[in-house]
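Okay, so here's the structure we're looking at.
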Amino acid sequence: MAPSEPNGGPRWRLIVVGGHTRSIGKTQLVCDVISAFRPANWIAGKITQYGHGVCAQNGENCDCAPDEHVCAINWEVQADTGTDSARFLAAGARRSFWLRTKQGFLAEGLPLLRAALQQAIKAGGAELPPVIVESNSLLQFLKPSLYFAIVDPAKEDFKDSARAALDRADALVLRGSANALITAGPSWTRLPAHLLREKPSVTQREGEPLPEPLHVLVQRTLEGPANVSI
């Protein structure tokens, strides 16, 4: 029987993967985790927040009002479309979703996510599968079972949501050499000094297998209690 909150909602084992900017391999790390633990029958997903003036339904400017079309969610049905959610299926996820919201409207998208997960429960039996989500902003609303933050010292750009979330990371995943942190650009010098010094970190280049320290953390999460209410 799946554990539940007093209000009847289920509790989940939830892993969140984030990063300080685009194109640093967040989707790949989600795939690495799924592939390393394929028997877990993951529900995987990606959360995208579009900028102002862009519609969450189609990712384009459709001239909708600021409070219209603020969020949308879809289940991926094919593993070969080339989208990030399709890559999750190709890696071995049982189900894969893409939640899109206008910038600043993730709170309005969470009911869609809860309903989608409830749908997945009904379709998949009593045993709750683990959930892994590519997102930074989700941490504004909950504490996941495990949070990996990818950092690449060669990229100076920092998303505001990533800067705020780094301190909550259970491990930092470094792209490139750890020595690059010493010569990182100005954006890195504005981070609290203790973050990069005290956080557990592991180096993984894209295309490499899931590092053993991360494997241990994921295994521990899967064997631990389901304690996250979404």
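The values are calculated or read from the model by the stated rules, or taken from the named source; none is laboratory data. Nothing here was measured: the structure is a model prediction, and the numbers come from that model. Cβ sites come from the backbone with ideal geometry, for glycine too, and all protein chains shown count toward neighbours. Each accessible area value is taken on the protein alone, full model and side chains, heavy atoms only, with ligands, DNA and RNA left out. Shrake-Rupley method; radii C 1.70, N 1.55, O 1.52, S 1.80 Å.
Of all residues in the stretch 32-53, those satisfying the criterion of being assigned to a helix (DSSP H, G or I) and more than 28 Å from Ala107 (Cβ to Cβ) are Asp32, Ser35, Ala36, Arg38, Pro39, Ala40. None of Ile150, Ile182 is of a type in the set (Val, Ile, Thr), surrounded by fewer than 19 Cβ atoms within 10 Å (Cβ to Cβ) and modelled with pLDDT under 95 except Ile182. Of all residues in the stretch 67-89, those being touching an Asp or Glu at 6+ places or on another chain (Cβ under 8 Å) and within 17 Å of Ile34 (Cβ to Cβ) number 6. Here Glu76 passes the criteria (1) without any contact (Cβ under 8 Å) to a residue 40 or more places away in the chain; (2) charged (D, E, K, R); (3) surrounded by fewer than 21 Cβ atoms within 10 Å (Cβ to Cβ) except the one numbered (3). Working carefully through the options Glu134, Glu156, Glu108, find the one that is under 30 Å from Arg197 (Cβ atoms) and more than 12 Å from the chain's Cα centre (by Cα). Exactly one of Glu134, Glu156, Glu108 is under 30 Å from Arg197 (Cβ atoms) and more than 12 Å from the chain's Cα centre (by Cα), namely Glu156.
One line per residue, one yes/no per condition, for (1) open to solvent by 70 Å² or more (accessible area, probe 1.4 Å); (2) modelled with pLDDT of 85 or more:
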position	(1), (2)
Gly53	no, no
Cys62	no, no
Arg87	yes, yes
Arg100	no, yes
Gly109	no, yes
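Among the residues of the stretch 215-230, those identified as out of contact with any Asp or Glu (no Cβ under 8 Å at 6 or more places or on another chain) and either of a type in the set (Gly, Ala, Ser) or assigned to a helix (DSSP H, G or I) (or both) are His215, Val216, Val218, Gln219, Arg220, Thr221, Leu222, Glu223, Gly224, Ala226.
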